[in-house]
Amino acid sequence: MKKRIAVTGTGAWSPLGNTNAASMAAFRSLRNRVSVQSEVLGSYQNFNTSLGAVVSESLPPYPRKKTRTMGRVGTLAAAATEDALRSGGFLESPDLRNGRTGVAYGTSGGSFAAMEDVSRFIAGKDMINLHGSTYPLLMPHSVAVNLSIFFGVTGSVIATSVACASGSQALCYGRDAILLGREDAMLCGGAEEYSPFFVGVFDALFQTSQGTDPSRSPRPFDRSRDGIVAGEGAGTLLIEDWDHAIARGARPLAEIVGAASNSDAVHITSPDSAGMERCMRMALDDAGLPPSAIGYVNGHGTGTELGDIAESQATYSVFGHGVPFSAFKCYMGHTLGAAGALETIYSILMQREGWFAPNLNLTEPDSRCGDLDYITGSGREIDAEYIMVNNFAFGGVNTSLVIRKAG
């Protein structure tokens, strides 16, 4: 019999706040957390964008000995993970360090501070610009291994680095580890820090918002969309074998009943609607559910022309017009490696409250987008037993998660 996978704890640090109450209040305010980032971007020349969305809360004062190889991205992840462990009643559990708990965590890259070290090393051709912490800060598995050391987790370490599907793919692989019987619990999620480099990556592709009114950007699926706004944050979900969770007295928040990850295998930056559709259908098959069972779909919603059209057309091909649909990057920007985890956490919170946030700034859907039931206005009350969360990344890496509401 297939194991059941419970979500028993969550932690989210994003531009919306660092508690569930603050984040939900931000959604219900129907205002985004985008602002002009002159302090970060102002010293760089030739940027087309000036916008970003950052975490405003001060990070916990962890000892320097613990954080020197973590950078801001790793410290955000540690804060979110500590919150997830505490909310799940697992922070002081001996099971955290018994070898049957692992980490599956994603990020697009390491800390920007290490990138600066490498740039000075290359430009100056001088070893004095490299430091003992440069590579630990920069390596693709930096966040995952730093979390395992920080919390003393001795089980599996799975590092995902697939751009903006990193956090959700970590959930897919963490779930697999439990289904295969290798672990009883996994700390899964993703993190990213706001930096000129990641803003520049999208700016070089002419995909960033050039808007001057932060409250109006981004606006996914709208006819007058104006591109991506980069953000930052970290989201962690504590997931467990259902029986393990119940035996220790945990109260599941949700159940992950289906998951899928695939590749378009078409283009490095242009999304493919057919690959996205396949991924959604794979997740439904894994859950053993028809499309009609899904009460809400959370979209990727980057606010780019090609991405919006491909995603919405793929979603329409699977669900038709009937499923309520919204995306969260219009509130907190594109948090890259953190996006899948944060958007899953926020979708679970809304599923439990029975209210789903609208697509902010969506006033006139692009006629080339799929004819979906876009949630607008003040949001919508929905009693959804099952929801789907989708993320689609550079390289054509797609993820879909199907989540059931726990009693």
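The values are calculated or read from the model by the stated rules, or taken from the named source; none is laboratory data. Only a predicted model underlies this, so the values are computations on that prediction, with no experimental measurement involved. Please note: Cβ atoms are built from the backbone with ideal geometry, for glycine as well, and neighbour counts cover all protein chains shown. Just so you know, the surface numbers come from the protein's heavy atoms only, side chains and all, with ligands and any DNA or RNA stripped out. Shrake-Rupley method; radii C 1.70, N 1.55, O 1.52, S 1.80 Å.
Listing for the model above:
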{"quantity": "All positions within the stretch 293-347 that are among the charged types (D, E, K, R) and either outside any helix (DSSP H, G or I) or open to solvent by 10 Å² or more (accessible area, probe 1.4 Å) (or both)", "calculated": "GLU305"}
{"quantity": "Some residue of the stretch 90-103 being among the hydrophobic types (A, V, I, L, M, F, W, C), open to solvent by less than 20 Å² (accessible area, probe 1.4 Å), in contact (Cβ under 8 Å) with a residue 12 or more places away in the chain and within 21 Å of ALA339 (Cα to Cα)", "calculated": "yes"}
{"quantity": "Residue, farthest from GLN313 (Cα to Cα), within the stretch 394-407, restricted to residues that are of a type outside the set (Val, Ile, Thr) and surrounded by fewer than 24 Cβ atoms within 10 Å (Cβ to Cβ)", "calculated": "GLY407"}
{"quantity": "Qualifying residue in the stretch 116-132 (condition: part of a helix (DSSP H, G or I), of a type in the set (Ser, Thr, Tyr), over 28 Å from SER38 (Cβ atoms) and open to solvent by 40 Å² or more (accessible area, probe 1.4 Å))", "calculated": "no"}
{"quantity": "Selection within the stretch 276-292 - open to solvent by less than 20 Å² (accessible area, probe 1.4 Å) and touching a strand residue (DSSP E or B) at 6+ places or on another chain (Cβ under 6 Å)", "calculated": "MET276, CYS279, MET280, ALA283"}
{"quantity": "Cβ-Cβ under 7 Å pairs, at least 6 apart or on other chains, the stretch 117-134 side touching a residue at least 12 places away in the same chain (Cβ under 8 Å) and among the polar types (S, T, N, Q), far side surrounded by 10 or more Cβ atoms within 10 Å (Cβ to Cβ) and assigned to a helix (DSSP H, G or I)", "calculated": "ASN129/ASP117; ASN129/ARG120; ASN129/PHE121; THR134/ALA114; THR134/ASP117; THR134/VAL118"}
{"quantity": "Hits in the stretch 38-52 (condition: open to solvent by less than 20 Å² (accessible area, probe 1.4 Å) and either modelled with pLDDT of 95 or more or charged (D, E, K, R) (or both))", "calculated": "THR49, LEU51, GLY52"}
{"quantity": "Search result, residues across the stretch 162-186 that are touching a strand residue (DSSP E or B) at 6+ places or on another chain (Cβ under 6 Å) and either among the basic types (Lys, Arg) or not in a helix (DSSP H, G or I) (or both)", "calculated": "VAL162, ARG175, GLU183, ASP184, ALA185, MET186"}
{"quantity": "Check on ALA113, open to solvent by less than 30 Å² (accessible area, probe 1.4 Å), within 21 Å of ALA338 (Cβ to Cβ) and in contact with a Gly (Cβ under 6 Å, 6 or more places away or on another chain)", "calculated": "no"}
